[in-house]
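J.: I have a structure here, written as C-alpha cells, and I will follow up with some questions on it.
Derivation of every value follows stated rules applied to the coordinates shown; laboratory data play no part. Source: prediction; values computed, not measured. No Cβ is skipped: glycine too gets one built from the backbone with ideal geometry, and neighbour counts run over all protein chains shown.
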Amino acid sequence: MVSSKQCRVWMKRLLVLRNEELEIYSDFPETAGDWQSPELHYGVCDITWGPLVKNGTNSHIYRPHSISLQSSTGGRHILSFECDISLHYWERELLMEIKDVVMKINARTFAAKWEGNAVDLTIDLQKGFIIEDSTTATKHWTKKFEELESSSDNGSKELYLTFKDGVKQCLELTELHAVLYTIEAFLKTRVSLL
C-alpha cells in the first residue's frame, strides 16, 4: 500500500472488512485489543475505488494488480495485490459488504441547500433522491435512480443532477464527497439487485 502521507513507500498491510468498515492494519492483530485499533478505517459507503491505470503522471507508483482507493474524508491510497485473483476477490468482497450495509441502512440523509433553501437530501434505496425542507419536512421533489441521466460536481460543494425528463437540479453540499460515494454505493447495490 502506498498512501498520500507516505508517497512512494510501499508497506505490507492487512485489509479487513468488519463492522461495516474497511480496516487497515500495519501488523496482524494478535490480541482482542489489537483488533480495536486499526491504523486506518473507512465506512464502506464512504469510499470509492477504481483500477490504477499506468500513464505518464503515475508511472512512478504504478504496479500491476493495483487499485486506487479514496475516502470521503480525504484519504487516498494505492492498494497493490499479489495477483489478479486476490484483487478481484477483494473487489467482490467489498461490493458484497457495500450491498449488505446499504440493504441494512436503506437510506442516508445529508444537509444541503437547494434554490437557496436549507433542505435534506435523502438517498433512499427504493425511492431514489428525495429533497425535503429541513424545518417543515415538506417534500420538494423525488426522483428515482432510474430517472438519473447524469451527474457532475464542481469538486468542492456543488452537485449537479440531470434527469431523463430534462430536469436539472443543483445542490450545495457541505459533504460533497460523502454524498457522491453514498450515491455510488446505492447505485452499485441497485445494480446488484437486478
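J.: Run down the lysines and flag those whose C-alpha is under 17 Å from the C-alpha of Lys157, throwing out any fewer than 8 positions away in its chain.
T.: Counting by Cα, and skipping residues close in sequence, Lys157 has these lysines nearby: Lys113, Lys168.
J.: Along the Cα→Cβ direction, 7 angstrom out, place labels at Thr174 and Leu193. What is the inter-label distance in nm?
T.: 3.0 nm
J.: Next question. I'd like the FRET efficiency for Leu148 and Gln36, computed as 1/(1 + (r/R0)^6) with the beta carbon distance as r and R0 of 45 Å, rounded to 0.05.
T.: Computed FRET efficiency for Leu148 and Gln36 comes out at 0.70.
J.: Within the set Lys12/Lys104; Lys144/Lys188; Lys99/Lys143, which residue pairs have Cα atoms separated by over 25 Å?
T.: Flagged as over cut-off: Lys12/Lys104.
J.: If you don't mind, there's one more thing I want to ask. Is there a quick way to get the dipole size of the chain? I mean about its Cα centre, with the Cβ of Lys and Arg at +1 and of Asp and Glu at -1; what is the value in debye to the nearest 20?
T.: 440 debye
J.: Around Glu132, under 12 Å between beta carbons, what's the net of Lys plus Arg minus Asp minus Glu among the other residues?
T.: Combined, the nearby Lys, Arg, Asp and Glu give -1.
J.: OK, next. What size of dipole, in debye to the nearest 20, comes out for segment 136-194 about its Cα centre when the only charges are +1 on Lys and Arg C-beta atoms and -1 on Asp and Glu C-beta atoms?
T.: Charge dipole of segment 136-194: 200 debye, to the nearest 20.
J.: For each of Cys45, Cys170, Cys83, count neighbouring Cβ atoms within 10 Å of the residue's Cβ, then give the residues from fewest to most.
T.: The fewest-first ordering by Cβ neighbours comes to Cys83, Cys170, Cys45.
J.: With unit charges on the beta carbons (Lys and Arg positive, Asp and Glu negative) and the dipole taken about the Cα centre of segment 2-104, which residue among Phe28, Ile78, Val102 sits farthest to the positive side?
T.: Final value for the positive-end residue is Ile78.
J.: Which of rounded, prolate or oblate describes the chain when judged by the alpha-carbon gyration tensor and an a/c cut-off of 1.5?
T.: Judged from the Cα gyration tensor, the chain comes out prolate (a/c at least 1.5, a/b above b/c).
J.: Express the relative contact order of segment 2-104 as a whole percentage, based on alpha carbon pairs under 8 Å and six or more residues apart in sequence.
T.: It comes to 23 percent, rounded to a whole number.
J.: Please say if segment 106-192 is rounded, prolate or oblate, where rounded means a/c under 1.5 for a ≥ b ≥ c the square roots of the C-alpha gyration tensor eigenvalues, and otherwise the choice is prolate for a/b larger than b/c and oblate otherwise?
T.: rounded
J.: Sorting Lys168, Lys113, Lys127 on the 10 Å Cβ count, fewest up front, what's the list?
T.: So the ranking, lowest neighbour count to highest, is Lys168, Lys127, Lys113.
J.: Here is a follow-up. Shape of segment 12-102 from its Cα gyration tensor (a ≥ b ≥ c, root eigenvalues): rounded if a/c is under 1.5, otherwise prolate when a/b > b/c, or oblate?
T.: prolate
J.: Taking the Cα atoms only, what angle lies between the long axis of helix 84-105 and the longest principal axis of the chain, rounded to 10 degrees?
T.: The two axes meet at around 40 degrees.
J.: Helix 176-192: angle to the longest alpha-carbon principal axis of the chain, degrees 0 to 90, nearest 10?
T.: 90 degrees
J.: Going by how many other Cβ atoms sit within 10 Å of their own, how do His65, His177 line up, fewest first?
T.: Sorted ascending by nearby Cβ count, the order is His65, His177.
J.: State, as an integer percentage, the relative contact order of the chain based on alpha-carbon contacts under 8 Å between residues 6 or more apart.
T.: Value for the chain: 15 percent.
J.: Between segment 22-101 and segment 128-194, what is the separation of their alpha carbon centroids in Å?
T.: Computed from Cα coordinates, the inter-centre distance equals 26 Å.
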